[in-house]
Amino acid sequence: MTAAIRIEGLVKEYAGPPPVRALGGVDLEVMKGEVFGLLGPNGAGKTTTVGVCTTRVLPTAGRATVEGIDVVADPPRLRRSIGVVSQYNTLDRACTVRENLYYHCRYFGMTGAESAARADELLAQFQLTDRARSLPTQLSGGLAQRVQVARAIAHRPAVLFLDEPTAGLDPQSRLALWDLIEGMRDRGITVLLTTHYMDEADRLSDRVAIIDAGRVLVCDTPAALKRQVGAETVLELKLAGNADGLAETLARIPGVREAVPAEGGIRVMAASGEGLLPRVVEAAAPHGLRDVAVSEPTLETVFIQLTGKALRD
Amino acid sequence: MTEPRRQYARAFGGLMLRDTRVLVRNFAPFVTRTVMNPLLSVFVFAYVFPKIGQGMRGGGASGANFATILVPGLIAVAMVFQGIAAVALPLSMELGATREIEDRVLAPIPNWLVAVEKIVFGGIQGVVAGLAVFPLVYLVPATPVDVHVESWPLLIVVIALASLASGALGLALGTIVRPQHIGLMFAIVVVPMTFLGCVYYPWAALGPIRWLQIGVLVNPLVYMSEGLRAALTPGLPHMPAALFLLALTLAVLALSFAGVVAFRRRTID
Ligand SMILES: Nc1ncnc2c1ncn2[C@@H]1O[C@H](COP(=O)(O)OP(=O)(O)O)[C@@H](O)[C@H]1O
Ligand SMILES: [Mg+2]
């Protein structure tokens, strides 16, 4: 497999004031045809990474190539190979939905007839035909996002960048968009998706890189990342009382790998030990145990283990 | 043309088509904002004032009536207003709150050409606005206006330079002024420009106020008004052609450069 995106030692400092080091040496390789998730909290550097790859941000140091084209050397040429759905609704408010698609095609050199045909094809494909004459301000968030994806792929790019595509969407629109993204994989489009939702990264991505404070912490398939946690079960204990000494007590229970203080209680990582739950509950009861949530490790667990903090706060 | 050039030309054409579509859709507001200022200016200065006996004579010894003096100035103002209304105001929105410019910035075309397209399209709107002033100045005034073109090449060059300067001014203001200061921009830039732009009086008539006559030379509108005066009302006093042509060319270059640089800074981090 060959790389669709290659990022080496990427550093970005925004001039400020105050100056911000948004990326502190990022290395990434996204393979052709892959759906790649960039997972990290707000301010991690996801948008900056996408910005460099899409010619919107100039790197301070390091290199990035997309489809073998250096992002700094020839931005107009690179833009023919990429589609971009940015974090915000950037639809042209002065143009209808259909015109957004039509003029995008014109910018990419299609003739009037080709552009009209492509716009109509996309409207049908994205079930937007009855909204063709709507203005972007009349669309719900989910529909607007669908138009943005349609516009981004209108010129048939090899690589599609989606920056937090479902942030702020209702659950139904979110699912619809997930279907669209899975459709991209079937069409052989390489997708770089950023998100701060661990379930989204997990469900959609072939591989995930976890990014925090401008650095990539790990990069692997979601399954491998979760295996790396070294536990099959995660118990979240919510306590009404204080947790003094409880972590130590829990850590001594056979099968428990780790017990660490967490928001409102303690998080226990364990092998799926038979009979583990009653012993944990018994130990925690004197501390005012209110609630126990039992789950398998998620990418959030991976993130917490790596950084000691939650993805969203 | 080499292949990249052809692609740039197509993308540039696409941007122009998009702007044309938006202009056609918003034709009524376009006409209103174009016609209102010259219509009322001509009505008050060249119809109401003569009727109520208010004297306004900038023509001095030439004996030209005030309506004639107004024609070139009002055309110049209409062009400058167009640069601001057609380029600066929308651009300020598109670069700011809505970030709508993004799809055009990500078109396969160098960043500076996206900015230049704004200048060119703003300039075309400026020409249309300038032409729209003519019927008004013929129909409204109480006294006949005396306009005749002595040199068509001069008129065409002046209109081309003035419209490009207006578009470039719009680009520079739209990219440099923050959206929250757009209102203030009218007070600080647009109003002084028009009142001190040799619109209502020929530049030569400022002779008695020497410091003002020198001071207004920083105002590009002065050269537009004077250039149009030379081309349309050659009987009135006006600057030498070499001076306003040079100044207009410099204004186009300087404002375009400032606008293109600021556009890049606003769109590429
Ligand atoms: N244009 C900018 N100017 C200054 N700082 C910025 C700019 N864009 C982003 N930053 C800063 O860079 C860091 C990374 O931001 P960003 O890439 O947007 O992160 P994410 O998309 O993961 O939330 C943050 O600290 C943010 O405040
Ligand atoms: Mg972001």
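Laboratory data are not the source of any read-out in this text; all were calculated from the coordinates shown. Every value quoted in this text rests on a predicted model; they were computed, and no experiment measured them. As a convention, Cβ positions derive from the backbone with ideal geometry for all residues, glycine included, and neighbour counts pool all protein chains shown.
Summary of computed values
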| quantity | calculated |
| --- | --- |
| Length released on extending from A:Tyr88 to A:Ala132, taking residue separation times 0.36 nm less the Cα-Cα span | 13.8 nm |
| Gain on full stretching of the segment that runs from B:Phe49 to B:Thr249 - 0.36 nm per residue minus C-alpha separation | 68.4 nm |
| GNM flexibility winner over chain A from A:Gly68, A:Gly24, A:Gly51 (Cα, springs under 10 Å) | A:Gly68 |
| Förster radius 60 Å - calculated FRET efficiency between B:Asn37 and A:Ala61 (Cβ-Cβ, nearest 0.05) | 0.70 |
| Whole-angstrom gap from the range B:209-269 to the range A:191-258, using each part's C-alpha centre | 64 |
| Backbone HN-Hα couplings from phi across the range A:69-80 [Karplus 6.51/-1.76/1.60, Hz, Gly and Pro as x] | 9, 5, 5, 8, 5, 8, x, x, 5, 4, 4, 5 |
| Residue-averaged 222 nm ellipticity for chain B, from DSSP H runs of 4+ at -39500 (n - 2.57), nearest 500 | -22000 deg cm²/dmol |
| Label-to-label distance, nm, for residues given as B:Ala242 and A:Tyr14 (7 Å Cα→Cβ offset) | 5.2 |
| Distance between the range B:111-169 and the range A:106-133 - C-alpha centres, whole angstrom | 36 |
| Length gained when the stretch B:Leu155-B:Arg6 is fully extended (0.36 nm per residue, less Cα-Cα span) | 50.4 nm |
| Per DSSP, loop chymotrypsin sites (Phe, Trp or Tyr not before Pro) in the range B:188-226 with at most 14 further Cβ within 10 Å | none |
| Amide H partners (placed H, <5 Å) of A:Ala262, local residues excluded | A:Arg267 |
| Residue (of B:Pro240, B:Ala168, B:Val157) at the positive-pole extreme of the range B:122-267, dipole from beta-carbon charges | B:Ala168 |
| Placed amide H near A:Gly25: partners under 5 Å, 5+ positions off or other chain | A:Leu10, A:Val11, A:Lys12 |
| Rel. contact order, % - alpha carbon contacts under 8 angstrom, at least six apart, chain A | 19 |
| Cβ-placed point charges (K, R +1; D, E -1), dipole of chain A about Cα centre in debye, nearest 20 | 880 |
| Estimated FRET transfer efficiency (B:Val191, B:Ala97; beta-carbon r; R0 35 Å; 0.05) | 0.90 |
| Shielding of B:5-17 by partner chains, average beta-carbon count, 10 Å | 4 |
| Beta bridges by DSSP in the protein assembly as shown, antiparallel share as percent, to the nearest 5 | 70 |
| Cα-based reach from A:Lys46 at 16 Å (exclusive), listing lysines while leaving out same-chain residues under 8 positions away | A:Lys12 |
| The range B:3-268: relative contact order as a whole-number percent, Cα under 8 Å and 6+ apart | 28 |
| Peptide A:83-94, shielding by other chains (average Cβ, 10 Å cutoff) | 5 |
